[in-house]
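Q: Just dropping this structure here.
The values are calculated or read from the model by the stated rules, or taken from the named source; none is laboratory data. Because the structure is a prediction, the values reported are computed rather than measured. Here the Cβ positions follow ideal geometry from the backbone for every residue, glycine too, while neighbour counts run over all protein chains shown. The protein model used for the area step is the full one, side chains on, heavy atoms only, and it has no ligands, DNA or RNA in it. Shrake-Rupley method; radii C 1.70, N 1.55, O 1.52, S 1.80 Å.
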Amino acid sequence: SSGLLSSGASRDRGIGRAVAASLPRALAMQAASEMASVSFSHVHIYCDSLRELQEYKALEAKLNAFVASAGAALAREGSADIPAGSAAWRSLVAAHGHPVTGEKDPASWSQCRQDIVEQMLVGLGWRITGALDTPETRSFVVTSRDDDGVKVVVTAHRSCSMRELAGSPDAAQKRARLEDAPAHFEAANLARFSMHRAGREGIAVLGFAVAPGGLERLHARYRDSHPKLLMPGTPRGYGDTKVLEVYAYYRGEKCVSDADPGTVLRFVERGDKDESWVLPGLRRVPAEFDPTSLPAYCDHWVSNVVSREGFLDTLNDTLGFTPKVDFNAGVVAAGEAQIESTVTGNEPGSLLKDAGVALKDQSQVYLPINNALSEVGHVHLYLKEIGQGVQHIASRVSDLPALVQRANDVRKMTGAGLSFLSIPRSYYGCLTAKWLSSSAGIDLAAAERVVAAVIAAGIADRTGAVDLDVTREKVAQALPADVGASVVEHVLRARYSNMFALLRDQVSEATYMKIVRNNILVDIQGGDLLFQIFTTTVLQRAPGEEAPFFEFIQRVCSEKRDPATGQHRPLKPGCGGFGIRNFLTLFLSIEVSKAAKARLEALAAEKTELARYYGRMVDAFTAQLEESNPVLTAISDAMTAEGEALERGDAEVARVAAAAKAQGQKDLMTVSTKYKDIMRDFRASAPAGA
């Protein structure tokens, strides 16, 4: 398996990429300058159906009225008043009806068969800002409140679902194509994607903006190095705008195998006279954003592929992209499920002078790429069930706790929007006698009596998870009489003790509680913070099906000064990394969610033995996370130390840090192997129905 590398490093994977990755940053940027310069533009989703524009606009109007009337119920600080918010939503029915959402019971919300446009409008406060109807298809552009941020194009056939198109490709030609309709909105594209993606909805196209003069060079590189990936008829011209479309992946090995006709990379070089919005053919439509919605910006787009090396090489050949970070099998192993992942990207040479510029920058492109190493787990099942494709898209915001709190509150009030992946409470912290003794400075016997007392009072459960809503007064009343009052604060801190060990006083107690309540993941690298969260699957028709999802992150870049000048150094793109600790947490949480769901289904069916089996799986995945976390922290610290030493030219410190990193990887592989064996033994003795 590949090593876990610090930012900017690479193993030798092909002469061209290895040389580029080993160059100093300035030379790598010079080599990249010979390539076409690209930046994030848009993603394009193909889905089963879309409603009329006016119905979505009616929903937007209702949502704006809801935010205005809900008032304090949606306050950003503290807990939301869900009953008051629900009442405010219901009060709007007389004036606004039930556009798009219908009449929903929030308690029965399900992630399956959701309207993806509705989810973005309700859950994120995004709005439709562009539209196009052709005789074959209907398309919308959904964006956040900043035109320079995330742009999601969504297209559906006007009369056929994706599954119907896959089963009958001729259905794409049921209506005569409008002669001047852009090729990228033809129904044949939906049919092609659907036929090669098991009839599923999905994220079909990754779109990039190309700097003037770059598209011709990019086309030449594909023509000379990867002609099989060029789509028929590409590039196309629309006035003075040019669009190049290529297949993203090969079916197997690069150049030897045929192109995979599913996912597409689209490159758009816009002309000065082009008045369309995002893509030729799309017209702008007016939109009003509510004051609680946040602007969002593209951060990275993730693919699950058969040949990670082949895709990395292709991107290096055509775009000059080089690997930035590798996650080896030890980092991303949930029991028997193992993958490898590499983050590749460009070298735009951007100088990010402050946090505002860093938030909005779209010139730094990151494309993480996953491949499965085992025939178990999410990535393997995704590839087996759907095929190669985009696993998720990640968007960057200025206040992640506020975005997630808003989405969760609005879903609970309206029964519509988005939900997020559940994270074990142990990730954030639990109350144990050993921890309390160390944290509060009391002897172990006293700590054990405190833990027993708060469990007896119902303040914590037997796993040590402390009630998120407990008051200081209730904790004080539960403590043994001979224990000091200062212990109260430590009992309350146990709700986020693991986070506090990482961040200390960098964030407030209110922010810590938002993080825990909303299942936000946290990582830190050299003073840079990364907050991230993953939605449950979107574009999912039935429970248990593999499907893509969204990720949202917040990067908090530490401000560093040049020791020679005393001036602030420019901020580093991608500060905070890609969540080395959280990468494992994501994959473990996916497996935990599946096992927990299976356990509930078994209990409902009164299959006690089967429920016990899935319960043991949940316990094993959770234990792996707890055992891996300190090792991951050590690796992250070593990576940061190595990178900083290399930057200042301290070879000896870099060597020591690299050795610590290597030892951490060995330790992590030991943990990974241990739980791989445990899960293999579980499956070998699985009861009927597992």
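Q: From the residues in the stretch 372-382 that are part of a loop (DSSP other than H, G, I, E, B) and of a type outside the set (A, V, I, L, M, F, W, C), which one is surrounded by the fewest Cβ atoms within 10 Å (Cβ to Cβ)?
A: To start, the set of residues in the stretch 372-382 that are part of a loop (DSSP other than H, G, I, E, B) comprises 373-377.
Among the residues that remain, those that are also of a type outside the set (A, V, I, L, M, F, W, C) are: 374-375, 377.
On the way: Ser374: 16, Glu375: 11, Gly377: 23.
In this case the residue turns out to be Glu375.
Q: Residue by residue through the stretch 115-128, note down the ones that are open to solvent by less than 10 Å² (accessible area, probe 1.4 Å) and either part of a loop (DSSP other than H, G, I, E, B) or more than 14 Å from Arg51 (Cβ to Cβ) (or both).
A: Scanning the stretch 115-128 gives Gly123, Leu124, Gly125, Trp126, Arg127.
Q: Among the residues of the stretch 450-465, is any in a helix (DSSP H, G or I) and touching a strand residue (DSSP E or B) at 6+ places or on another chain (Cβ under 8 Å)?
A: Taking every residue of the stretch 450-465 in turn, at least one turns out to be in a helix (DSSP H, G or I) and touching a strand residue (DSSP E or B) at 6+ places or on another chain (Cβ under 8 Å).
Q: Could you say which residue among Glu385, Glu340, Glu336 is open to solvent by 10 Å² or more (accessible area, probe 1.4 Å), over 20 Å from Cys557 (Cβ atoms) and within 18 Å of the chain's Cα centre (by Cα)?
A: Exactly one residue qualifies, and that residue is Glu340.
Q: Hey, another quick one. Check Leu352 against each of (1) of a type in the set (A, V, I, L, M, F, W, C); (2) open to solvent by 10 Å² or more (accessible area, probe 1.4 Å); (3) at pLDDT below 90 and name the one condition it does not meet.
A: Result: Leu352 passes all but (2).
Q: Let me ask another. Going residue by residue through the stretch 527-535, is there one that turns out to be under 30 Å from Ser110 (Cβ atoms) and among the aromatic types (Phe, Trp, Tyr)?
A: Yes.
Q: Then there's this: Among the residues that make up the stretch 592-611, is at least one of them modelled with pLDDT under 85 and either touching a strand residue (DSSP E or B) at 6+ places or on another chain (Cβ under 9 Å) or closer than 30 Å to Ala662 by Cα (or both)?
A: yes
Q: Then there is this: Restricting attention to the stretch 353-371, which residues are assigned to a loop (DSSP other than H, G, I, E, B) and of a type in the set (S, T, N, Q)?
A: Of everything in the stretch 353-371, those that are assigned to a loop (DSSP other than H, G, I, E, B) and of a type in the set (S, T, N, Q) turn out to be Gln362, Ser363, Gln364.
Q: While we're here: Being assigned to a helix (DSSP H, G or I), over 23 Å from the mean Cα position of the chain (by Cα) and over 17 Å from Ala36 (Cα atoms) is the filter here; which residues of the stretch 192-226 pass it?
A: Arg192, Ser194, Met195
Q: Among what's in the stretch 143-158 and is part of a loop (DSSP other than H, G, I, E, B) and among the small types (Gly, Ala, Ser), pick the residue that is surrounded by the most Cβ atoms within 10 Å (Cβ to Cβ).
A: Only one residue tops the list, namely Ser144.
Q: Right, something else. What tally of residues in the stretch 120-132 results from selecting those that are under 18 Å from Leu74 (Cβ atoms) and touching a Gly at 6+ places or on another chain (Cβ under 7 Å)?
A: Result for the stretch 120-132: 2.
Q: Still on this structure: Looking at the stretch 643-661, is at least one residue in a helix (DSSP H, G or I), of a type in the set (Asp, Glu), open to solvent by 60 Å² or more (accessible area, probe 1.4 Å) and at pLDDT below 85? Write out each step before concluding.
A: Of all residues in the stretch 643-661, those in a helix (DSSP H, G or I) come to 643-648, 651-661.
Still in the list and also of a type in the set (Asp, Glu): 644, 647, 652.
Filter once more, keeping what is open to solvent by 60 Å² or more (accessible area, probe 1.4 Å): 644, 647, 652.
Still in the list and also at pLDDT below 85: 644, 647.
Checked against the condition, which is being in a helix (DSSP H, G or I), of a type in the set (Asp, Glu), open to solvent by 60 Å² or more (accessible area, probe 1.4 Å) and at pLDDT below 85, the stretch 643-661 yields at least one hit.
Q: Next up: Of everything in the stretch 288-321, what is hydroxyl-bearing (Ser, Thr, Tyr) and open to solvent by 10 Å² or more (accessible area, probe 1.4 Å)? Give them in sequence order.
A: Once the filter is applied, which keeps residues that are hydroxyl-bearing (Ser, Thr, Tyr) and open to solvent by 10 Å² or more (accessible area, probe 1.4 Å), the stretch 288-321 yields Thr292, Ser307.
Q: Oh, and also: Return the pairs, sorted by first residue and then second, in which the second residue is open to solvent by 80 Å² or more (accessible area, probe 1.4 Å), the first residue lies in the stretch 94-116 and is farther than 24 Å from Gly202 by Cα, the beta carbons are less than 7 Å apart, and the residues are 6+ apart or on different chains.
A: Between residues of the stretch 94-116 that are farther than 24 Å from Gly202 by Cα and residues that are open to solvent by 80 Å² or more (accessible area, probe 1.4 Å), the close pairs are Pro106/Lys412.
Q: Look through the stretch 77-111, keep the residues that are under 26 Å from the mean Cα position of the chain (by Cα) and loosely packed, with under 14 Cβ neighbours inside 10 Å, and return whichever of them is nearest to Phe549 (Cα to Cα).
A: Ranking the qualifying residues of the stretch 77-111, first place goes to Ser110.
Q: Oh, and also: Taking Tyr496 as meeting all but one of (1) more than 16 Å from the chain's Cα centre (by Cα); (2) part of a loop (DSSP other than H, G, I, E, B), write down the number of the exception.
A: Tallying (1) more than 16 Å from the chain's Cα centre (by Cα); (2) part of a loop (DSSP other than H, G, I, E, B), Tyr496 fails exactly one: (2).
Q: Let me ask something else. Could you check the stretch 34-57 and list, in sequence order, the residues that are among the polar types (S, T, N, Q) and part of a loop (DSSP other than H, G, I, E, B)? So that I can check it myself, show each step before the final result.
A: If we filter the stretch 34-57 for residues that are among the polar types (S, T, N, Q), which is where we start, we get 37, 39, 41, 49, 54.
Those that are among the polar types (S, T, N, Q) and part of a loop (DSSP other than H, G, I, E, B): Ser37, Ser49.
Q: Something else: So for the stretch 39-49 (the condition being at negative phi and open to solvent by 40 Å² or more (accessible area, probe 1.4 Å)), does at least one residue qualify? It would help to see each step written out before you state the result.
A: First, pick out the residues of the stretch 39-49 that are at negative phi: 39-49.
Okay, now just the ones that are also open to solvent by 40 Å² or more (accessible area, probe 1.4 Å), so 49.
Yes.
Q: Could you tell me how many of the residues in the stretch 504-519 are part of a helix (DSSP H, G or I) and out of contact with any Phe, Trp or Tyr (no Cβ under 6 Å at 6 or more places or on another chain)?
A: Selection size over the stretch 504-519: 10.
Q: Here's something else I'd like to know. Which one is nearest to the chain's Cα centre (by Cα), of the residues in the stretch 239-280 that are of a type in the set (Ser, Thr, Tyr) and either within 21 Å of Glu309 (Cβ to Cβ) or modelled with pLDDT of 95 or more (or both)?
A: Per the criteria, the residue is Thr263.
Q: In addition: Given Ala481, Ala476, which one is open to solvent by 20 Å² or more (accessible area, probe 1.4 Å), modelled with pLDDT of 90 or more and assigned to a loop (DSSP other than H, G, I, E, B)?
A: Ala481
Q: Another question about this same structure. Somewhere in the stretch 385-395, is a residue over 20 Å from Ile45 (Cβ atoms), at pLDDT 90 or above and not in a loop (DSSP other than H, G, I, E, B)?
A: No, every residue in the stretch 385-395 fails to be over 20 Å from Ile45 (Cβ atoms), at pLDDT 90 or above and not in a loop (DSSP other than H, G, I, E, B).
Q: Mind checking which residues of the stretch 419-442 are open to solvent by 60 Å² or more (accessible area, probe 1.4 Å), among the polar types (S, T, N, Q) and part of a helix (DSSP H, G or I)?
A: If the condition is that a residue be open to solvent by 60 Å² or more (accessible area, probe 1.4 Å), among the polar types (S, T, N, Q) and part of a helix (DSSP H, G or I), then Ser438 is the only one that fits.
Q: Conditions first: (1) open to solvent by 20 Å² or more (accessible area, probe 1.4 Å); (2) under 24 Å from His196 (Cβ atoms). Lys360 passes all but one, so which condition is the exception?
A: (2)
Q: Moving to a separate point now. Quick check, is Ser628 at pLDDT 75 or above and crowded, with 20+ Cβ neighbours inside 10 Å?
A: yes
Q: If you don't mind, another one. Name the pairs: first residue in the stretch 218-240 and of a type in the set (A, V, I, L, M, F, W, C), second residue open to solvent by less than 50 Å² (accessible area, probe 1.4 Å) and in a loop (DSSP other than H, G, I, E, B), Cβ to Cβ under 8 Å, at least 6 apart or on different chains?
A: Short answer, once both residue conditions are applied: Leu218/Met35; Leu218/Ala36; Leu229/Ala248.
Q: Do we have Ser486 as of a type outside the set (A, V, I, L, M), surrounded by fewer than 20 Cβ atoms within 10 Å (Cβ to Cβ) and under 32 Å from the mean Cα position of the chain (by Cα) here?
A: Judged against the criteria, Ser486 is not a match.
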